[in-house]
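Data block below; observations after.
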Amino acid sequence: MSHQLRGAAAIVGVGLSGMPSAPERTAMEILAESVHRALDDAGLKLGDVDGLFTGSSYHFLPSLSVAEYLGLKPKFQDTTMVGGSSFVGHLLNAALALNAGLCDVALVCYGSNQGSGFGKLKTMSETQPYEVPYEPRYPISSYALAAARHMHEFDTRREDLAEIAVAARKWAQMNPLAFKRDPLSIDDVLNARQISDPLGLLDCCLVTDGGGAVILVRRERAKDFPKEPVFVLGCAGATTHRQISCMANLTTTAAADSGPRAFEMAGLRPSDIDVVELYDAFTINTLLFLEDLGFCEKGQGGAFVRDGRIAPGGALPVNTNGGGLSCCHPGMYGIFTVIEAVQQLRGESGDRQVANARTAVAHGNGGVLSSQVTSILGTADVL
Amino acid sequence: MDDTDDFTGPGPDLIHARTLEEGRFAIQKCNSCGNHVFMPRVLCPHCGGSRLEWTPIDGRGTVHSTTVVRRRPEKGGDYDVSLIDLEEGVRLMSRVEEIDPAAVRIGMDVKARIVETKSGNVLTFVPA
C-alpha cells in the first residue's frame, strides 16, 4: 500500500521574480512579486491563502513579517529553517498540514536582493567557535574540504567538477531568466581564480537577486486550477551536522538518507526520473547528490558527469535552469529547484524543455552539506 | 550506565576554553560508552551518557582533509585549513603550520601544539 502522503498535495501555482536581477528592490518586495505571479498562475487571490511556509536570512520571524506584508492571516504557518533546503522541506510540511485539514491553500515563498542589495552573503548565522579560530572561508572552505576528500578517495578530478559548471552554463544559455549566459569552457573553470582549493571562483554559485513562490492544495482540488497539477509524490529530509568539522563522512551526505526515503514514499527509483534539479551551491554538490540519491554509485560521480552526460543532450538532464551556478543563487536556492521541476513537468520550459518529462527530483541542500531534503514530483500520469 | 544528573558549575565549553588558556588541550571521554568526544558537550553524542570526563590528548593525528584558503599576500598570504583526525578518534578543524599550505596532504601524520595568537591560544599542528 502506498504512503498516505504520496500525491496528497498538488502544486497548482508557481512564480518567479527578481531574475536575472532586481536593483533597487527589497527582499520582501521581490518575495511579494513572486507570490503575485504564483497566485496568478493558480487563478487564486491572496485572500485564498491560509497556510504560510517561508524562511529568510532577512527576518528573524519570517512568517510574521511575510504575513504582515502580504496581509495574510494564516491558519497554519511554518518557518522550519534548514538553510537552503528549507523550501523543499516546506513541501512536506505543507502536504502534512493540507492532508490534516489545517489549511486549504498553502503558500511556500522566498525572496532576496542579495545580488543588488549586498554583494555578499547576508546571514544571521552564529559563528562556530571551534572552527572560526582557523579562519575557514564560509561556506566555501567547508565544501572545499569535502571536495578534496572526494578527490582523494575516488580520484575525482578538478576537470570533473568543471564539467558540472559547464553543463549548468549550457542549460542557462537556454534560459532567458538566467544570470550568466556567456559561453564557458572547462579551461575557463580550471583557470579561474582559486578561492579555497580545490574550488575556484567558477566552482561557486552566483550571488544574485531572486524570489520564488509555490502554491499547493489537496489532491482532490488539483484539477480545479488552470495549469496542469504537479503532485508531491515523495519528500524526506535528513541532517548529519551543522559545521563541516562534525560531518562524519565528508563524501556521503544526508542525501543518502533523505533520497531513499523520498523515493520509497513516491514508489519510484532513480531510473524512473526524467529531470533532476539539485541544489548546486558548489560544483561538488551536484556530484555528491548524484551519487547519494542513487543516480550513480558512490565514487563514480566524476566519471558519471564526463562528456556532457548531465548537459543539454546528455543522458540525464540535471539543473535545467542553469542551477545556482549559472541561473540564480539569491542566498538560499532550494525553492528554485522546485519551480524549475514544476515548469519542466508542465512542459513550459521553452528551449530547455526536457521532452515528455513526467517525473522530477527537486533536491535542497542547507548549511554546509548539513541538511538534505529530497522531493519527488510527478504529473497526473504517474499518480 | 554510569550517568550523572549534577549539572552545576562551569559547563564544558567554559572548561575547555579555560584549559586552552592554561596552555593545555583536553577533550572529553564518555564514561558510559568509552568514546572520545569533541566539540565539548554535556551529553555524549554516541550514547547520550552524561558523565563525560576530561582527558588530555596525546597530540598525534592525521590530516583527514585539507584546503588552501587563498588570501592576498599583503593580507598575509595563503593559509591552510585542515580537518585533523586525532588518534583518540575525534576530528577537529585546525591548521597545519611550518609547511607550505599547498604541501599539506591528506593522510599526513601531524603533531599538535598550542600557539598564542592575538585572540588567545589555539591548537595547531605541524608535520610529525
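Please treat every number below as a calculation from the coordinates, not as lab data. The structure presented is a predicted model; accordingly, all values stated were derived computationally and were not measured. Positions of Cβ are generated from backbone atoms using ideal geometry, with glycine treated the same way; all protein chains shown enter the neighbour counts.
Numbers below:
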quantity: Formal net charge of residues neighbouring B:Val69 (Cβ-Cβ distance under 10 Å; K, R +1; D, E -1); calculated: 0
quantity: For chain A, built as a Gaussian network whose Cα springs stay under 10 Å, the top-fluctuating residue of A:Val132, A:Val49, A:Val232; calculated: A:Val132
quantity: Neighbouring partner chain Cβ atoms per residue of A:130-139, average, 10 Å criterion; calculated: 6
quantity: Simple Cβ-charge dipole of chain A, Lys/Arg +1 and Asp/Glu -1, about Cα centre, in debye nearest 20; calculated: 360
quantity: Order of B:Cys47, A:Cys328, B:Cys30, A:Cys235 - criterion: other Cβ atoms within 10 Å of each residue's Cβ, fewest first; calculated: B:Cys47, B:Cys30, A:Cys235, A:Cys328
quantity: Förster radius 41 Å - calculated FRET efficiency between B:Glu53 and B:Asp100 (Cβ-Cβ, nearest 0.05); calculated: 0.60
quantity: Calculated P(r) of the stretch A:195-304 - Cα pairs past 25 Å, %; calculated: 37
quantity: Mean-position separation - Cα centroids, the stretch A:315-383 and the stretch A:114-192, in angstrom; calculated: 18
quantity: Around B:Asn31: net Lys/Arg minus Asp/Glu count, Cβ-Cβ under 11 Å; calculated: -1
quantity: Average beta carbon contacts from partner chains per residue of B:62-74, 10 Å cutoff; calculated: 6
quantity: ³J(HN,Hα), Karplus 6.51/-1.76/1.60, whole Hz, each residue of the stretch A:305-310, x for Gly, Pro; calculated: 8, 5, 6, x, 4, 9
quantity: Stretch gain in nm, segment A:Arg306-A:Arg261, where the contour uses 0.36 nm per residue and the Cα spacing is subtracted; calculated: 13.4 nm
quantity: Between the stretch B:51-94 and the stretch A:224-297, the Cα center-to-center distance that results, in Å; calculated: 30
quantity: Net charge of Cβ neighbours under 9 Å - reference A:Phe304; Lys, Arg +1; Asp, Glu -1; calculated: -1
quantity: C-alpha long axis of helix A:158-172 to longest principal axis of chain A, angle in °; calculated: 40
quantity: Residue with peak Gaussian network fluctuation, chain A [Cα springs, cutoff 10 Å], from A:Ser245, A:Ser86, A:Ser63; calculated: A:Ser245
quantity: Top of B:Thr67, B:Thr19, B:Thr117 by mean-square fluctuation, Gaussian network on chain B, Cα under 10 Å; calculated: B:Thr117
quantity: Antiparallel DSSP beta bridges within the stretch A:228-383, as percent of all bridges there, nearest 5; calculated: 75
quantity: Computed over the protein assembly as shown, the ratio Rg/Rh where both radii use C-alpha atoms and Rh is Kirkwood; calculated: 0.99
quantity: Fewest-first sequence of B:Lys75, A:Lys223 by Cβ atoms within 10 Å of each Cβ; calculated: B:Lys75, A:Lys223
quantity: Cβ-derived FRET efficiency at R0 35 Å, B:Asp13 paired with A:Ser2, nearest 0.05; calculated: 0.15
